[in-house]
Amino acid sequence: MTSLQPKTYLASFTAAVVTVAALVYGAVFLIPGLQAIRTKIDNDRAAEAVIVQQQSNLKLLSQNLEEIKDRQGKLDAETWSFTTEDAFFTWFDGLVSANHLAADEMTLADAVPGTALVNRSLSATLTGSGANLLAAVSAIQQHQPLVAINAITMTPAESQLVSIHLQAVTLWR
């Protein structure tokens, strides 16, 4: 039996050396590699969370942009453009003609085009029958872009005609 002990001892020693060598190899090479993999997984999860947050932000920004476009469209419908000033005068002259009215010269306050919206006051005196004047005022109130009537002063004119002095405000950009 004595001859078997050295073989057992040698086998046990070899197994111990192999185990220690495996542990040293694992400690030197595998554990840092596993730590690097763990760090990469953590970084990937953080990057994924950032991407999800960015997608959420983009969705919210897209909704806000649609709301802004909708509001801008409504504002555009209510404002006159300085490039269409002639169209404004043409519209007013057409309104006077369509309602069989006489008009003294209409005045529109001067303004300088800029980036901000500008209020411009409007003043005109219209003369005609009461029904025609009422139709003209109604058409002005319903017109797009907006012409907001501030005041109407009515005075009798000759032979059953009525004269009104109209003061209004328009919004320009």
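Under the simplified labelling scheme, the Val18-Asp93 pair shows an inter-label distance of 10.8 nm, with each label point 7 Å from Cα along Cα→Cβ. For the chain, the C-alpha radius of gyration sits at 2.75 times the compact-globule guess of 2.2 N^0.38 Å, with N the residue count. Ranked from largest, the principal axis spans of the Cα set of the stretch 1-78 equal 110, 18, 7 Å. Packing-based ranking of 43-51, 147-155 yields 147-155, 43-51, ordered from highest to lowest mean Cβ neighbour count within 10 Å.
The packing ranking of peptides 73-85, 9-21, 115-127, highest mean first, is 115-127, 73-85, 9-21, where packing means the average number of other beta carbon atoms within 10 angstrom of each residue. For the stretch 19-130, what is the relative contact order in percent, using Cα pairs closer than 8 Å and at least 6 residues apart in sequence? That works out to 16 percent.
Defining a contact as two alpha carbons under 8 Å apart and six or more residues distant in sequence, what relative contact order in percent does the stretch 82-172 show?
Values: 143 pairs, mean separation 27.4, N = 91.
Value for the stretch 82-172: 30 percent.
Over the chain, DSSP H runs of length four or greater, each weighted -39,500 (n - 2.57), average out per residue to a 222 nm ellipticity of -20000 deg cm²/dmol.
Quote to one decimal, in nm, the extra length available between Ala47 and Thr8 on full extension: 0.36 nm per residue of separation minus the C-alpha distance between them.
Length gained, Ala47 through Thr8: 8.5 nm.
Sorting 54-61, 103-110 by average packing, meaning the other beta carbons within 10 Å per residue, from highest down gives 103-110, 54-61.
Against the chain, whose longest principal axis comes from its Cα atoms, helix 31-78 is set at around 10 degrees.
Every read-out reported here was derived from the displayed coordinates using simple, explicitly stated rules and does not represent laboratory data. Since the structure is predicted, the reported quantities are computational estimates derived from the model, not experimental observations. Positions of Cβ are backbone-derived with ideal geometry, glycine not excepted, and every protein chain shown enters the neighbour counts.
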